[in-house]
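Presented below is the structure to which this report refers.
The values are calculated or read from the model by the stated rules, or taken from the named source; none is laboratory data. In this text, all values refer to a predicted model and were calculated from it rather than measured experimentally. Don't worry about glycine lacking a Cβ; one is built from the backbone with ideal geometry, like all the others, and counts go over all protein chains shown.
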Amino acid sequence: MSITNTVLLATLAVSSSALAIDKRATCSSYTIIDTRGTGEAQGPSAGFLTMNSNVQAKLSGGKVYNTVYAASFDQQSSAATQDIIDHIQTTLASNPSECFILEGYSQGAAATVNALSQITGSAFTAVKGVFLIGDPEHTAGLTCNVDNYGGTTTRDVNGLEVFEGSIPSNWISKTLDVCIFGDGVCDTTHGVGIDAQHLQYPYDAPTQNLGTQFIETQLAS
C-alpha cells in the first residue's frame, strides 16, 4: 500500500470518528421541563408555547414536561424546584442519554434557578440549556442576562427576589436569563412589579425567536 493511500485511509478513519462523536453529541431524545408562572393553570406556560412548538417541529424526539406545583400567589415554589430535580433523576434512571432544557417564567424561573445548584454530575451534563423569562432572581452583571433582543439593556439590573437566589457560576454559560426592559419583576430599576412588560413574553416575537434559536443551538451542541 502506498504512503498516499495509507494517509488517505487514516484521514478517513479520523473523519469517521469525528462524525460519530458529532452524532453522539446531538440529542436524539430530549425533554423540555416547562415551569409556569404565578396564576397559570397546571400545564404548559403561555410564555413558552410558541418556542416549544417551533423547536419540536424542527427537532424530532422531543417532549414537554410541565412542572407540577401550585404556582400560587404566595410564591412558595419549593415543590416546583423538587419536581424539576426529581423528573431529571427519574428520567435519567431509565434513559441515561436523555437531554433536557429547563424553562421558567416568573415564579417558575425562580423555582428553576433554585434547582440548579442541586443538579450535579451526569444530571448537570444532561441539561443542555436553561431559558428564563421574567426572573425575579435576575442578578445584575451576569453574562447570561439579556433583553428580549439578546442585547444588554437589562444586564445590570436586579429582580425583586435577587437576595433569594442566583444562577450558579457553572450554569451561566448554558443559560439565558431574559428580562424585557422595564419588566418590574426582573428589572426593578426601570419597572415596578407585574407590569405590561412582565406579561409581554408569551406574545413577544423577539422573545419567542430568541428562545427557539437558543434551544435548538443548545440541543445540537
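Can you tell me which residue among 53, 60 is farther than 27 Å from residue 193 by Cβ and surrounded by 12 or more Cβ atoms within 10 Å (Cβ to Cβ)? Result: 53 is the single residue among 53, 60 that is farther than 27 Å from residue 193 by Cβ and surrounded by 12 or more Cβ atoms within 10 Å (Cβ to Cβ). Residues that are among the hydrophobic types (A, V, I, L, M, F, W, C) and modelled with pLDDT of 95 or more were ranked within the range 198-221; the one that is surrounded by the fewest Cβ atoms within 10 Å (Cβ to Cβ) is 205.
If the requirement is being modelled with pLDDT of 95 or more, under 26 Å from residue 220 (Cα atoms), over 12 Å from the mean Cα position of the chain (by Cα) and not aliphatic (A, V, I, L, M), which of these qualifies: 153, 50, 112?
None of the others qualify; the one that does is 50.
Answer yes or no: is there a residue in the range 16-31 that is surrounded by 14 or more Cβ atoms within 10 Å (Cβ to Cβ), touching a strand residue (DSSP E or B) at 6+ places or on another chain (Cβ under 8 Å) and at pLDDT 95 or above. Yes, the conditions are met somewhere in the range 16-31.
Scanning the range 65-85 for residues that are aliphatic (A, V, I, L, M), in contact with an Asp or Glu (Cβ under 9 Å, 6 or more places away or on another chain) and buried (at least 20 other Cβ atoms within 10 Å of the Cβ) gives a single hit, 71.
Applying the set (1) within 16 Å of residue 104 (Cα to Cα); (2) within 15 Å of the chain's Cα centre (by Cα); (3) of a type in the set (A, V, I, L, M); (4) part of a helix (DSSP H, G or I) to residue 55 leaves exactly one unmet item: (1). A count restricted to the range 108-128 and to residues that are touching a helix residue (DSSP H, G or I) at 6+ places or on another chain (Cβ under 8 Å) and not in a loop (DSSP other than H, G, I, E, B) stands at 13. The residue of the range 155-197 that is surrounded by the fewest Cβ atoms within 10 Å (Cβ to Cβ), among those that are touching a strand residue (DSSP E or B) at 6+ places or on another chain (Cβ under 6 Å) and assigned to a loop (DSSP other than H, G, I, E, B), is 192.
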